[in-house]
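Taking it in order: structure first as structure tokens, then the write-up.
Every number here is computed from the coordinates shown, using simple stated rules; none is lab data. In this text the structure is predicted, and so the values were computed from the model without any measurement. Note that we place each Cβ from the backbone using ideal geometry, even for glycine, and neighbour counts take in every protein chain shown.
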Amino acid sequence: MTIHDFLQLNEDDERPLDIQAARDIAARYLATEAGSRERTSMAAALTILLDDPSRAVRKAIAKALRSSPHAPGHVIRCLASDVDEVALPVLACSPILTDVELVDLVAEGSDAVQGAIAARAGLAASVCAAICEVGCETACRTLLENTGAQVLQSSLLRLAQRFEDRPDLCDQLLKTRDLPLAVRYQLLMRLAENLDDHPIVLERVPENQRHSFLSDAEDKVVLRLALEAGAEDLPEFVEHLRASGKLTTRLMLRAVCCGRLRFFAAALANLGQVPLPRLCKLLITVRRSALQAILRKAGLPLRAHQAFLLAIDIARQAEADFTYDLALDEARALTETLLAEMQDGALGADEDVVAFLRRFAIDVARLEARLLVRNSRMQVTAAA
């Protein structure tokens, strides 16, 4: 078929013939040699088809050319700016479109356009940033599911800022490996705010205990994140907690009782303005009087000093060096020993501190029991 034959056909009212002709012309364009007269003719025919009133004709071209790096650039760009039905096949995978063009299309496009671009393989960081900045919620969800997309931490932070009140998207963000620890904490705290009127909380937690329940939930979130944190992330996370007023004495006591010695050391180093490596050495070498001076410099209340000093002594006896966390059974043993020592009237322990320790001891025992049950189930499953 020549371009003259096509033009004659295009004047016919039989649209199915036009659709098949459009497919044939696109296929012939890709099959012919670059620079040949036939390819030039086919390119001209495709250009004319861009003005065809039938979306089906233009869509047929888009589907035929969408994956080819040799498709005529002007045709691809026109199709990419067409109505969604025509544009989506090209937007989803055409290698002709540059990152700059994709960014512009994200900014100007519909939700469907943004979603198609968000699903592209190997999506560049600049395009991901544009989606995170102006993309609709659906497009952002698609982007988070796109394992080949180059989403920078700054873009993830922007998503967290935009969608912190969308629990489902927050959950997706929390599953993203590169999300900074402080941002994970902010998202989890945002979700925790919704627990206040959650049916389970309303049913199982007495009204006069809800504040304590939610505060405990926040502390547990922090320590869970601390357990997963790398050595390079922990100091920054602790500083974020300090700056937001969340680095409390209660949290540090809970950290000790749960065996989160790395977090305790990082927190004490931050509050006492002592380099973390040096503090870890001090915790296992210096006398009690020097340790009490560190606690005082950190601004920890005097009534809690005895608990912290005893905890450090017990950790030393277990040969812990505060650069790693204790296993749950070790944490339970530490907490039980600490509680037994604190309940000795000769120590003059503060009742509030002892009450805290009792609650923490129960929490650690529950955690250990759940871990034992889970491990037992795994062994039974493996044996089966």
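Structural remarks
- Spacing of the two label points (7 Å from each Cα toward its C-beta) at residue 55 and residue 220, in nm: 5.1 nm
- Since only 152, 130, 115 are under comparison, the one whose Cα sits farthest along the positive direction of the charge dipole of the stretch 103-162, derived from C-beta charges on Lys, Arg, Asp and Glu, is 152.
- Per-pair calculated FRET efficiency, R0 = 25 Å: residue 175 and residue 99 via Cβ, rounded to 0.05: 0.45
- Exceedance of the 24 Å cut-off in Cα-Cα distance is limited, within the set 220/246; 246/281; 220/281, to 246/281; 220/281.
- Principal axis dimensions, largest first and in whole angstrom, of the stretch 267-333 by Cα: 31, 26, 20
- For the stretch 103-162, fraction of C-alpha pairs farther apart than 12 Å, in %: 57 percent
- Sparsely packed loop sites in the stretch 250-317 (the trypsin sites (Lys or Arg not before Pro) outside DSSP H, G, I, E and B with at most 11 other Cβ atoms within 10 Å) comprise 287.
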